[in-house]
Amino acid sequence: MREGMKTKQNMLCPGSVMADRKKKAVVEGIAQAVFGVCASFVILVTASITVYMIGKGASAFWKVGVKEILFGTVWKPTAEKPSYGILYMILTSAVGTGLAVLLSVPIGVLTAVFLAEAADKRLAAVVKPAVELLAGIPSVIYGLLGISLLNPLMYRLELALFRDSPGHRFTGGANLLSAALVLAVMILPTVINISEAAIRGVQPGVRAASLALGGSRIQTIFCAVLPAAKSGIVTAVVLGVGRAVGEAMAITLVSGGCVNPPLPFYSVRFLATAIVSEMGYSSGLHRQMLFAIGLALLIFIMAVNTALTKIVKKGAENGG
Amino acid sequence: MIKGRKRVLAACAFLLVLSGSAGWGNAPDSPQERGRSESGTLGETEELSGSILLVGSTSMETYVRALAEGYMECHPNINVNAEFAGSGAGIEAVLGGTADIGNSSRSLNREEKEKGAVENVVAIDGIAVCVDRGNRVGGLTRQQLKDIYTGAVTNWSEVGGQDAPVVVVGREAGSGTRKAFEKLLDVEDRCAYANELDSEGAVMARVAATPGAIGYVSLQVADEHVNILALDGIVPAAGNLKDGKYILSRPFVMATFGEISEQNALVKSWFDYVLGGEGQRVAVSVGLLPVKDGSGAE
């Protein structure tokens, strides 16, 4: 085995065999340094963004008060007595993203199973490019389609459901549900692609063992292959959540944009859209508050990522 | 071998970034100086050359673009650049010296004036209240409009229309149009919006696409995709804005740092154009009310 690898390497880089040990060491050292620099660049970027956001956002927390911001429900930044509560935005981001993931993950994982296990070649040749195209569509296009197709449909549903409830504030179809649907479609390609890679990466022995034990194809997929691909699928979910939480452009067009509790037929505002929609005209403490929202968003995403990664690790340990 | 190529590639990328950033650094180079150094001392319009930078209100976009076109026709050597980032951002830019003129669709506040910004009103704008094309209501009273925006009226049948819920559309907090609208109607911070959108275009799209929606936009932005409502029986048109009969009107301001007379020759010639007959005709052509008649004073 080792012998084989050596000859393979030698064939790839014939020069290195002839080179003396010193030269090799120098090359190794340089390569090591290059990798190090690249890696530390990434760390530098992440660290400086975090530090910058804390620096810019913390001042608003200091001035307004952490409790008022995180647990306040009234967002009136330009009122005479301004109020900067972002609790509803945080909840909206959480619920909206959660709904989108709930809608998107079953469809995405089953599509991935189809592509990796079940599809015949001709069909896969149609589905695969379609998924890739979906990933490439700019988010603002999703927003435009949402405003012109989804919202009118949603408004009809809203009219039918709330015909007899005079207290309801009609939104014209721009509500949490519309936003969650658009987000679900947007994260679908991420979920499909990464799940598919995870399923394809499952060792063939797993499948063979299941089939040999008399399992049907469906049993093999659900009882052997998917559990083995679990950590890859959770990674897909993590990336999907990341994209959904940070998405602003499409959502700002379809969610209505008012700060309300996250109920399906309410016009709502997400953390990311709050920053985008008010940046142009804000000034003073209002602008600092938008940075504070950015900081909250950053922490929110970090918390979600850490939590999900922990779950993966625990699962991997338990699964052996 | 591979490593060497990599190094060359990296160096290229680095150089690219450098040259790009250098270009960036030069571009916004203090416009006041630029105007002064490049403008001739003869005072003849043909001798002027250089560029003017305007930053500010999105509501003024149509108007400013039309003005810039007309102005550059008369002064082919002068380049007028306009950015539309919001009223507050425009005034900030003028105070910070990164723009010659700050466009604002609201009056300047005291703080801004204290910092040295001068309010030059160049036109008066009306705010149009619009509904979707299917709406049968042709006009509202001031009180009805207030009731709709504060949430007291939630169905069009209450104000003489068909039985359909009202979808109240407005702008985001901080918008000049929203500020002006709420102030003129005396409903500041009491509005119960169902949609808060962040541009005039988005409001127009939402109102046009949603049966029962009502929204407000700058008069020159409102087009044939929506119905424009009469308020207290008055249709928003230039004539009615002038008399002050139409209740929703506001000034369009081009703020400068210091009086116009203290500006460089380029900016002076810009204001000569904007406040002159030609520029005021442009204002009328985009649905605004001119501030200078034949008399010249206001």
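Some notes on this structure:
- Taking first residues from the stretch B:170-191 that are farther than 13 Å from residue B:104 by Cα and partners that are β-branched (Val, Ile, Thr), the Cβ contacts under 6 Å between residues at least 6 apart in sequence or on separate chains come to B:171/B:177; B:173/A:78; B:181/B:127; B:187/B:150; B:190/B:150.
- The stretch A:233-262 - residue that is hydrophobic (A, V, I, L, M, F, W, C) and within 14 Å of another protein chain (Cβ to nearest Cβ) and, of those, surrounded by the most Cβ atoms within 10 Å (Cβ to Cβ): A:251
- Taken as a whole, the condition of being among the polar types (S, T, N, Q) and in contact with a Cys (Cβ under 7 Å, 6 or more places away or on another chain) does not apply to residue B:141.
- Look at the stretch B:74-87: where a residue is farther than 17 Å from residue B:271 by Cβ and a partner is β-branched (Val, Ile, Thr) and open to solvent by 30 Å² or more (accessible area, probe 1.4 Å), sitting 6+ places away or on another chain with Cβ atoms under 8 Å, you get B:84/B:58; B:85/B:58; B:86/B:58.
- Candidate set from the stretch B:209-224 (those that are open to solvent by 30 Å² or more (accessible area, probe 1.4 Å) and within 10 Å of chain A (Cβ to nearest Cβ)); member that is nearest to residue B:156 (Cα to Cα): B:211
- The sole residue among B:125, B:163 that is away from every other protein chain (no Cβ under 13 Å) and out of contact with any His (no Cβ under 9 Å at 6 or more places or on another chain) is B:125.
- Conditions (1) within 22 Å of the chain's Cα centre (by Cα); (2) aromatic (Phe, Trp, Tyr); (3) within 14 Å of chain B (Cβ to nearest Cβ); number of the one not met by residue A:265: (1)
- Criterion violated by residue A:172 - all others in (1) among the small types (Gly, Ala, Ser); (2) surrounded by 17 or more Cβ atoms within 10 Å (Cβ to Cβ); (3) under 24 Å from residue A:239 (Cα atoms) satisfied: (3)
- Restricting the stretch B:186-203 to residues that are crowded, with 22+ Cβ neighbours inside 10 Å and more than 10 Å from chain A (Cβ to nearest Cβ), the residue that is farthest from the chain's Cα centre (by Cα): B:203
- Within the stretch B:95-144, the set of residues being surrounded by fewer than 23 Cβ atoms within 10 Å (Cβ to Cβ), at pLDDT 90 or above, within 28 Å of residue B:239 (Cα to Cα) and polar (S, T, N, Q) comprises B:120, B:135, B:141, B:143, B:144.
- Pair list, Cβ < 8 Å and 6+ apart or interchain, from the stretch B:95-119 residues that are more than 21 Å from residue B:175 (Cβ to Cβ) to residues that are crowded, with 16+ Cβ neighbours inside 10 Å and among the small types (Gly, Ala, Ser): B:100/B:35; B:118/B:255
- Of the candidates A:279, A:289, the single residue that is modelled with pLDDT under 90 and either more than 23 Å from the chain's Cα centre (by Cα) or open to solvent by less than 20 Å² (accessible area, probe 1.4 Å) (or both) is A:279.
- Set A:145, A:115, A:103: member being of a type outside the set (Lys, Arg) and touching a Lys or Arg at 6+ places or on another chain (Cβ under 7 Å): A:115
- Here residue B:258 fulfils each of the conditions (1) farther than 30 Å from residue A:85 by Cα; (2) touching a residue at least 12 places away in the same chain (Cβ under 8 Å); (3) not assigned by TED's automatic domain parsing to the domain that holds residue B:274 apart from (3).
The values are calculated or read from the model by the stated rules, or taken from the named source; none is laboratory data. In this text the structure is predicted, and so the values were computed from the model without any measurement. Quick reminder, even Gly has a Cβ in these numbers, built from the backbone with ideal geometry, and neighbours come from all protein chains shown. Side chains included, ligands, DNA and RNA excluded: accessible areas come from the protein's heavy atoms. Shrake-Rupley method; radii C 1.70, N 1.55, O 1.52, S 1.80 Å.
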